[in-house]
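Undergrad: What follows is a structure written as structure tokens; I'll ask about it next.
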Amino acid sequence: MNVASILKTKGSDVATAPRGATLAQVAAVLANRRIGAIVIVDGGGHVEGIVSERDIIKAIAARGAQSLGEPASEIMTRNVVTCQPGESLDDVMATMTSGRFRHVPVVENGRLAGIVSIGDAVKHHIAEVEQEADALKSYVLTG
Ligand code: AMP
């Protein structure tokens, strides 16, 4: 299974914000959409950074509630690790594990084309394992 087939099921919608969005605005989007990260993009749709719920918690722990007025650019991770639609699910899961993050934006021709979260990866991985188990069972039973 690859990233493109995951996006076929879940769609290519990604929650984004400009670098000037405040942490309060970002937190409101995360809460309303029940998601864990938002991708920071420029006017042309290019990925500039990523802000996850962990970054907001860290900012609040360090500077208190006043950090909610700071712009996303202040706390976003700038070196965003991305993947391409043709990449395998196994590779994306390995990237998340080694990088210790739970979100990987999908980029195609330099533009944001979707996002894979650890929840998406685990869901599709379980489905894949179940399919393999079913195929093996029917092979054993009919063979
Ligand atoms: P997460 O586990 O996705 O909530 O993110 C944990 C930390 O990794 C936060 O500091 C994020 O800004 C950062 N992060 C999340 N996704 C990525 C990514 N794809 N590339 C680089 N850093 C990331």
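The values are calculated or read from the model by the stated rules, or taken from the named source; none is laboratory data. None of the values given here were measured: they were computed from a predicted structure. Note that each Cβ is placed from the backbone with ideal geometry, even for glycine, and that neighbours are counted across all protein chains shown.
Undergrad: State all residues of region 1-17 that are in contact with a Pro (Cβ under 8 Å, 6 or more places away or on another chain) and either of a type in the set (Gly, Ala, Ser) or not in a loop (DSSP other than H, G, I, E, B) (or both); if no residue qualifies, say none.
TA: Result: 2, 3, 4, 7.
Undergrad: Taking the stated definitions as given, is residue 20 at pLDDT 95 or above, surrounded by fewer than 15 Cβ atoms within 10 Å (Cβ to Cβ) and either assigned to a strand (DSSP E or B) or in contact with a strand residue (DSSP E or B) (Cβ under 8 Å, 6 or more places away or on another chain) (or both)?
TA: Criteria met by residue 20.
Undergrad: For residue 107, state whether it is at pLDDT 95 or above, hydrophobic (A, V, I, L, M, F, W, C) and under 21 Å from residue 13 (Cβ atoms).
TA: yes
Undergrad: Give the residue, chosen from 12, 73, 52, that is more than 30 Å from residue 127 (Cα to Cα), touching a residue at least 40 places away in the same chain (Cβ under 8 Å) and polar (S, T, N, Q).
TA: Answer to the selection: 73.
Undergrad: Can you tell me which condition residue 76 does not meet? The list is (1) more than 22 Å from residue 13 (Cα to Cα); (2) crowded, with 18+ Cβ neighbours inside 10 Å; (3) hydrophobic (A, V, I, L, M, F, W, C), and all the others hold.
TA: (1)
Undergrad: Would you check if residue 4 is over 22 Å from residue 122 (Cβ atoms), modelled with pLDDT of 95 or more and surrounded by 13 or more Cβ atoms within 10 Å (Cβ to Cβ)?
TA: It is false that residue 4 is over 22 Å from residue 122 (Cβ atoms), modelled with pLDDT of 95 or more and surrounded by 13 or more Cβ atoms within 10 Å (Cβ to Cβ).
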